[in-house]
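Throughout, read-outs are computed from the coordinates displayed, never taken from laboratory work. It should be emphasised that the depicted structure is a prediction, and the values quoted were computed from it without experimental measurement. Virtual Cβ from ideal backbone geometry, glycine too; neighbours counted across all protein chains shown.
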Amino acid sequence: MYYRITRATIQSGTFDQAMATMESIVESFSEINGLVTSRLIRMSETELLGVAAYESKELLEASQTQFDELMSNMAPFLAAPPSVSHGEQVMTFDAE
C-alpha cells in the first residue's frame, strides 16, 4: 500500500461548511482507480489530516490530477495551501 498524507488548515469557523463540501464529493472517491481507503481526521478546530491508501505508488501518482480536481472544492475554506507527502506502508496492525 502507498499513502497520501495531507495536512490542511482551514479558516476558523468554516468546519461545518468544509465538511458539507467533503460529504458532497466523497462518493466521487470511488471513481479514483487504486484508492482503497480514505480517512479525514480533525486534529484541532482548524487542522485536518487526510490519510488515503492506494494499491500502489503508480496508481497514487496516476490519480493526482483527478484528486486535485476533487479537492479544489475545498479551496474556499483553506487558510493556506495543504502540505502533502507520500509514503509506503511498512507495518500494519488490525484488531479484527
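For Val36, the residues whose modelled amide H falls within less than 5 Å of its own, excluding neighbours fewer than 5 places apart on the same chain, are Ala53, Tyr54, Glu55. Assuming charge only on the beta carbon of Lys and Arg (+1) and of Asp and Glu (-1), the dipole of the chain about its Cα centre is about 280 debye to the nearest 20.
Shown in residue order for region 82-96 are the 3J(HN,Hα) couplings computed by the Karplus curve 6.51 cos²θ - 1.76 cosθ + 1.60 at θ = phi - 60°: x, 9, 10, 9, 10, x, 8, 5, 10, 7, 8, 9, 10, 5, 8 Hz (x for Gly and Pro). Extension gain, Gln64 to Asp16, is 14.7 nm, computed as 0.36 nm per intervening residue step minus the present C-alpha separation.
With only Cα atoms counted, region 54-96 has Rg and Dmax values of 14.1, 39 Å.
Our Cα-only numbers for the chain put the radius of gyration and Dmax at 13.6, 39 Å.
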